[in-house]
Each structure stands twice: as structure tokens, then as C-alpha cells.
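Please read the structure below before turning to the comments.
The values are calculated or read from the model by the stated rules, or taken from the named source; none is laboratory data. Keep in mind it's a predicted model, so treat the numbers as computed, not measured. Positions of Cβ are backbone-derived with ideal geometry, glycine not excepted, and every protein chain shown enters the neighbour counts.
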Amino acid sequence: MQTKLDVQDLNAWFYQKQALKNVNVKIPEKMVTAVIGPSGCGKSTFIRCINRMHELVPGAKVSGKVLLDGADIYGTMDPMDVRRKVGMVFQKPNPFPNMSVADNVVAGLKLLGTYKKQELSELSDANLKSVGLWEEVKDDLKKSGASLSGGQQQRLCIARALAMNPEVILMDEPSSALDPASTAKIEELVKKLKNETTVIIITHNVQQAARISDMTAFFYLGELIEFDQTANIFESPKNQLTERYITGRFG
């Protein structure tokens, strides 16, 4: 397996509270890695450190290294370059309500100022198709992105992230607020995305992690307890804490 992200001795704090403790993990390229663990264990902090969003929080601090294809994102890389290469999809869909569906998809590209209007239109259509949303919204492209259903809004936000052509896409519980039908569409999309990019997804649903991921990382109290192929984590975990969590005995 080719390593896409190499996390070395990663520590993170909110003021005096340590949220991550000496995390070391190699995230493989073009696979889906699920991040699981009880609330408050450091999952969201972990992925926010991977695209340098953690440092935007007042009182936040990071130490250690995160290597993206061998380059330390906390070294000489510009934070904006990091966030273009490592996209993020949040738990709650956040389309821009003052933009149309079509413009939402290419909002980031517009800021770059290097694309012509026709190019932006084509890229918008292509990314809506890539997330399976085109047939549902093709007659509503000029409506506000906020006019879509919750599940559609989340896929719109994924399309917006994909339009930037990221090398890694981070998802923080993207289906936690969605109905079962919308959740199934998100899961199918996640499995498809790994053909093009590296996916890291936080989920509180251990069954979802088992369904969609190739690798699973289990966090507890800010520490990475176990990281392995998903089948091994769910069928023969090495750590008793992992076994207790995936069998529902705590968390």
C-alpha cells in the first residue's frame, strides 16, 4: 500500500487541554479510512490537524509532523495550499445560501480567478454528475443551494470539495443527520471516491465503518489505540478497548 499521509508524533491542544497524544499512523493512498471512537476522543481534532484547520481555533496548538506525499504540511507549505489539496466535508451541510446550486459547486474555483465562465459551467455539471446529483437538480441549477434537501445539500458540499480536485478528502460524520436513503447514497459515493482520491471519514456508526472502509483507526482519550485493515479490526481486534467499543460495551 502506498502511503499518502504519514502522521508522526502528532499532539494537539485547546489551551491547556491536550486533545491528541503522540499519534502515529500511515494513511494509505486511494483507500477509505474510517476513524471511530467515542465522543470527545479526538477524532475531529485529528482530521482538522490534517488540513491545518485546527490552528484556526483560538488557543489551539499542534506539534509533530503530517507528511503529505513526503512533504510536511506544517513545514514550508502554505496553509491555503494544504486546504486545497486536503478538502473537508462537515457534519452539517453548509451550502452557501446566497449562491445557486451550480455556483455552489465552483465557489472555490471562482476565487482562483483562472477559469472562464464556460469552463466553470462544465466543471459544475461534471462534479454534480460525479456525486450522483445531476439528475435530481438539473432543472434547479439556478435555485439556492439551501433549497435542496439535507441529503442533497451534503452531496452538493461533497461536489464543491471535489471541484478543487483534492488529493485527500476528509469527512466529519457526513451522514449523521441524514435519513437512511440519503445515508446509503453518501456511502455509495464514498466507496466510489476512493478510485480517484484518498478518503478519511469519521463515523459514530461502527456498522457504517465496517461497510464502507478499507482501514479503520480507533481513537480513545486522544490516543490512537489501534489501526488496521477494517476486517481485522472488526473480526479480530488486538486491543481489548477496541473490542469493547465495536461490540457496544462502551462509547
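Some values worked out for this structure:
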| quantity | calculated |
| --- | --- |
| Any hit, segment 61-83, residues being crowded, with 17+ Cβ neighbours inside 10 Å, basic (Lys, Arg) and more than 21 Å from Phe219 (Cβ to Cβ) | yes |
| Filter pass, Pro93 being surrounded by 21 or more Cβ atoms within 10 Å (Cβ to Cβ) and not aliphatic (A, V, I, L, M) | yes |
| Residue match in segment 171-178 (condition: more than 14 Å from the chain's Cα centre (by Cα), surrounded by fewer than 23 Cβ atoms within 10 Å (Cβ to Cβ) and under 22 Å from Ser44 (Cβ atoms)) | yes |
| Filter result for Asp228 (in contact with a helix residue (DSSP H, G or I) (Cβ under 8 Å, 6 or more places away or on another chain), farther than 29 Å from Ser121 by Cβ and charged (D, E, K, R)) | no |
| Condition met for Met31 (out of contact with any Phe, Trp or Tyr (no Cβ under 6 Å at 6 or more places or on another chain), at pLDDT below 95 and of a type in the set (A, V, I, L, M, F, W, C)) | no |
| Helices (runs of 4 or more DSSP H) (entirely within segment 38-155) containing at least 3 residues that are out of contact with any Gly (no Cβ under 9 Å at 6 or more places or on another chain) and more than 24 Å from Asp6 (Cα to Cα) | 107-112, 117-130, 134-137 |
| Long-range neighbours under 6 Å by Cβ, at least six apart or interchain, first residue over 22 Å from Ser63 (Cβ atoms) within segment 18-42, second part of a strand (DSSP E or B) and hydroxyl-bearing (Ser, Thr, Tyr) | Glu29/Thr198; Lys30/Thr198; Ala34/Thr216 |
